[in-house]
1. For segment 87-100, indicate whether the set of residues that are outside any helix (DSSP H, G or I), under 29 Å from S217 (Cβ atoms) and touching a residue at least 12 places away in the same chain (Cβ under 8 Å) is non-empty.
2. Just the residues that are of a type in the set (S, T, N, Q) and modelled with pLDDT under 70, please, taken from segment 65-93.
3. Quick one: in segment 83-104, which of the residues that are surrounded by 21 or more Cβ atoms within 10 Å (Cβ to Cβ) and of a type in the set (A, V, I, L, M, F, W, C) is farthest from M179 (Cα to Cα)?
4. Can you pull out the residues in segment 143-162 that are among the aromatic types (F, W, Y) and over 18 Å from the mean Cα position of the chain (by Cα)?
5. Could you give me the residue pairs with C-beta distances under 7 Å whose first residue belongs to segment 238-255 and is under 20 Å from I169 (Cβ atoms) and touching a residue at least 12 places away in the same chain (Cβ under 8 Å), whose second residue is β-branched (V, I, T) and in a helix (DSSP H, G or I) wherever it lies, and which are 6+ apart or on separate chains?
6. Got a number for residues in segment 189-207 being hydrophobic (A, V, I, L, M, F, W, C) and either in contact with a Ser or Thr (Cβ under 9 Å, 6 or more places away or on another chain) or buried (at least 24 other Cβ atoms within 10 Å of the Cβ) (or both)?
7. With L125, L157, L141 as the choices, which residue is assigned to a helix (DSSP H, G or I) and crowded, with 16+ Cβ neighbours inside 10 Å?
8. Cβ contacts < 9 Å: first residue farther than 17 Å from A154 by Cβ and polar (S, T, N, Q), restricted to segment 34-62; second residue at pLDDT 80 or above and surrounded by 12 or more Cβ atoms within 10 Å (Cβ to Cβ), any location; separation 6+ or different chain. Result?
Amino acid sequence: MSVLEGPLDGPSGPATLRHIDQSPRPTRLAHYLRAGRAIVSREVTKFAHQYGRMFSALVRPALWLVVFAAGFHNIFGVSIIPPYETYITYREYIVPGLIGIILLFNGMQSALALVYDREVGTMRLLLTAPLPRSYLLFCKLAAGTLLSIIQAYAFLLVAWLFDVELRWIAWLYILPAMMAAGLLVGSIGLLLSVYIRQLENFAGTMNFVIFPMFFLSTALYPLWKLRESGAEYLYWISLFNPFTHAVELIRFAAYGKFNAISLAVVCGCALACFFAATIGYDPQRGLIGRRGQAAA
């Protein structure tokens, strides 16, 4: 709202009109929420216009569910281990792992988008906003996690069509677990985007990160299978793999159970990676700032 101050006419001629803005200024919280909503809505809108992204995200786990699970159905036997209370089919066992691979691939794809945005200048423009850099990076991370959860629920619909027995209440139970797992893999991708400067290098790095994290986890087989086969070193590597605990967190949540160790590992690794990425994106302290100074 604006008002005019001062007389309209004076002895020396028309007076200068001065506008006084009396509209209420947005609070600091409203400013934060508006910026976060803009970042998230941009990512969601971009995802909505990429029609093949959802399809490609579902093809990979669907092939594992239909082809891989059918081929190894009679080879792998899954014993009664927590959180299971009875024998289950191999197809049912790998569903949490396939949800994990959706989160993993989408988290790395979001990090790849960060590298692209930094090359074209969009990311640099975002980081110059008068807001804490950690908050801006967290909004990007939250947007990527939201898209991962949407794709994971779409896959659950596909799994339901193939007669995978998962209670409907489990769809609600796994939501917090998927949020934690999505933040973990997103933070790892965010940290990788600090040190990868070109898209070509990032594509190669993804192959050295995604596939080891996926195969050295409980996504496709329980860890006792590795120890039983004599691969003790692979067992310990898989046990310390944070993606293993992300999958187990989802697995336990799908059956209404809580895995405190997995939750602690997932949250701890997510916070550590996000904190390191925040330092890396800081132009004063991080790698980006040191490279800029070296170039100057």
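The values are calculated or read from the model by the stated rules, or taken from the named source; none is laboratory data. Only a predicted model underlies this, so the values are computations on that prediction, with no experimental measurement involved. Cβ: placed from backbone, ideal geometry, glycine included. Neighbour counts: every protein chain shown.
1. Yes, there is a match, as at least one residue in segment 87-100 is outside any helix (DSSP H, G or I), under 29 Å from S217 (Cβ atoms) and touching a residue at least 12 places away in the same chain (Cβ under 8 Å).
2. Residues satisfying the conditions are N74, S79.
3. Selected residue: I94.
4. Passing the criteria: W160, F162.
5. L249/V266; I250/I99; I250/I174; A253/I174; A254/I174
6. 4
7. Selected residue: L141, the only one of L125, L157, L141 that is assigned to a helix (DSSP H, G or I) and crowded, with 16+ Cβ neighbours inside 10 Å.
8. From segment 34-62, the pairs are S41/A143.
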